[in-house]
Amino acid sequence: MSLIDAAREVRENAYVPYSHFKVGAAVRGRSGRIYAGCNVENVAYPEGTCAEAGAIAAMVAAGETELVEVAVIADSPAPVPPCGGCRQKLAEFGRHDTPVTLATTDGKRFETTVGDLLPGRFEAAHMGRR
Ligand code: THU
């Protein structure tokens, strides 16, 4: 299955009683395995989690800490950009040139990279020697 198809499939399971906006995400680990996640909302709104966070959590839970490809899909007029927090999460496990495909359910695509999504990212080096 392609990464985007995995994201499309998991999107169906999104729990979105508040926004009614389903998002699916899939990441490919260094091993080649695909990990998928959907957004999971909560009545205490800030406790909701994004699709990207779910996919990353699944990858780490399976024992991988390096992602080589990302796909995100939603039913939106234009491909949905990951939120700021998810950009930092993707940067934690991806490289500057890791490809990210943002897609809509009706076939629009925007190709970018983890680095382009978060220029000037906060990195361990910013904490100096510890
Ligand atoms: N959302 C994601 O899951 N990923 C994104 O990239 C953008 C936003 C979710 C969070 C919330 O459940 C809903 O979309 C509306 O913001």
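The values are calculated or read from the model by the stated rules, or taken from the named source; none is laboratory data. Please read all numbers here as calculations on a predicted model, not as lab measurements. Every residue, glycine among them, receives a Cβ derived from its backbone with ideal geometry; neighbour counts consider all protein chains shown. Side chains included, ligands, DNA and RNA excluded: accessible areas come from the protein's heavy atoms. Shrake-Rupley method; radii C 1.70, N 1.55, O 1.52, S 1.80 Å.
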Check on Ala61, without any contact (Cβ under 8 Å) to a residue 12 or more places away in the chain and aliphatic (A, V, I, L, M) | yes
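Okay, residues lined up against (1) surrounded by fewer than 22 Cβ atoms within 10 Å (Cβ to Cβ); (2) not hydrophobic (A, V, I, L, M, F, W, C):
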| residue | (1), (2) |
| --- | --- |
| Tyr18 | yes, yes |
| Arg33 | yes, yes |
| Thr49 | yes, yes |
| Glu52 | no, yes |
| Ile56 | no, no |
Residues (open to solvent by less than 50 Å² (accessible area, probe 1.4 Å) and aliphatic (A, V, I, L, M)) located in segment 1-16 = Leu3, Ile4, Ala6, Ala7, Val10, Ala14, Val16
Does Phe122 count as within 15 Å of the chain's Cα centre (by Cα) and open to solvent by 30 Å² or more (accessible area, probe 1.4 Å)?
-> no
When every residue in segment 75-107 that is part of a strand (DSSP E or B) and within 14 Å of the ligand (Cβ to nearest atom) is compared, the one most open to solvent (accessible area, probe 1.4 Å) is Thr101
Would you call Glu64 more than 12 Å from the ligand (Cβ to nearest atom), modelled with pLDDT of 95 or more, under 13 Å from Leu102 (Cβ atoms) and surrounded by 14 or more Cβ atoms within 10 Å (Cβ to Cβ)?
-> no
Among the residues of segment 112-123, is there at least one that is touching a Ser or Thr at 6+ places or on another chain (Cβ under 7 Å) and over 21 Å from Tyr35 (Cβ atoms)?
-> no
Quick one: how many residues across segment 37-60 are in contact with a Phe, Trp or Tyr (Cβ under 9 Å, 6 or more places away or on another chain), over 15 Å from Lys89 (Cα atoms) and either in a loop (DSSP other than H, G, I, E, B) or more than 8 Å from the ligand (Cβ to nearest atom) (or both)?
-> 5
